[in-house]
Amino acid sequence: MLRLERLRADHAPALLAFEHENREYFARSISDRGDAYFEEFASLHRARLAEQDAGVCHFHVVVDDHGELVGRVNLVDVEEGDAELGYRIGERAAGRGMATAAVEEVCRLAATAYRLSTLTAYTTLDNVASMTVLGRNGFTVVGEAGVGGRPGLRYRRRLGAEPGGR
Ligand SMILES: CC(C)(COP(=O)(O)OP(=O)(O)OC[C@H]1O[C@@H](n2cnc3c(N)ncnc32)[C@H](O)[C@@H]1OP(=O)(O)O)[C@@H](O)C(=O)NCCC(=O)NCCS
């Protein structure tokens, strides 16, 4: 149904097209990236790859059955066995379980390839789809948090435990 590809230099054109196409769609539920992100995309992409090489982050694109880039799922700020999870799925692929499956797969990678023991995630209170994705993947609410200036929740999942476990 989908596969995750670790971010590479040659993903840049498809990723930029994906972000352009979905800019308004994403801005309905999360902070807009701002014009500078699009204007400086090439250098930002190189900086992301450098961070990834340093082991601070693990970035992935989500690719569907047809080889199309339909989303991204990232682990950032790797520190002491934990990382922050973030994800976005484009409008054309929405509501088909893509985010749920991509998060499931990145949790598997986090535990096995990246040797992490916990993941942390944040979502605003009005992002029902995102809360559903986290809940279905065994994340539980551990507190309140401001997310982009809006009220939100902080979630955590211990890896190695089955979804639904603690
Ligand atoms: C949140 C997001 C990742 C969900 O992606 P997706 O691939 O559509 O998610 P799934 O198909 O796995 O859906 C999860 C569930 O939420 C439901 N859902 C989707 N959009 C919804 C909405 N606007 N309101 C309520 N439920 C919604 C889905 O129907 C699904 O439930 P179902 O299987 O019972 O139908 C996607 O909408 C997105 O990228 N949004 C912008 C970025 C973002 O919010 N990222 C998360 C920040 S923490």
| note | Karplus ³J(HN,Hα) for the range 18-24 (6.51 cos²θ - 1.76 cosθ + 1.60, θ = phi - 60°; Hz, whole; x = Gly/Pro) runs 4, 5, 4, 4, 9, 4, 5
| In deg cm²/dmol, rounded to 500, what helix-only [θ] at 222 nm does the chain give when every DSSP H run of at least 4 residues adds -39500 (n - 2.57) and the total is split over its residues? | -10000 deg cm²/dmol
| message | Which residues among the range 1-23 fall inside the zone where the amide N is under 13 Å from a point 7 Å beyond the Cα of R33, along Cα→Cβ? | response | 11-23
| query | What dipole magnitude, in Debye to the nearest 20, does the chain give about its Cα centre under +1 on Lys/Arg Cβ and -1 on Asp/Glu Cβ? | reply | 540
| message | Taking 8 Å as the Cα distance limit and 6 or more residues as the minimum spacing, I'd like the relative contact order of the range 1-133 as a percentage. | response | 24
| Could you give the distance between the Cα centres of the range 66-131 and the range 1-30, to the whole Å? | 13
| remark: In nanometres, the difference between 0.36 nm per residue of separation and the alpha-carbon distance of L44 and R150 is 35.6 nm
| message | Residues of the range 21-48 with the amide nitrogen closer than 13 Å to a label point 7 Å from the Cα of A54, along Cα-to-Cβ, please. | response | 47-48
| field | Exposed-site-free run, longest, the chain (rule: GluC sites (Glu not before Pro); DSSP loop; at most 12 other C-beta within 10 Å) | value | 81-166
| note | Taking only the Cα positions of the range 2-158, the convex hull volume per residue in Å³ is 111
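A short reminder: the numbers here are calculations on the coordinates, not readings from a lab. Here the structure is a predicted model, which means the values were calculated and not measured. So basically every Cβ, Gly included, is an ideal-geometry build from the backbone, and we count neighbours across all protein chains shown.
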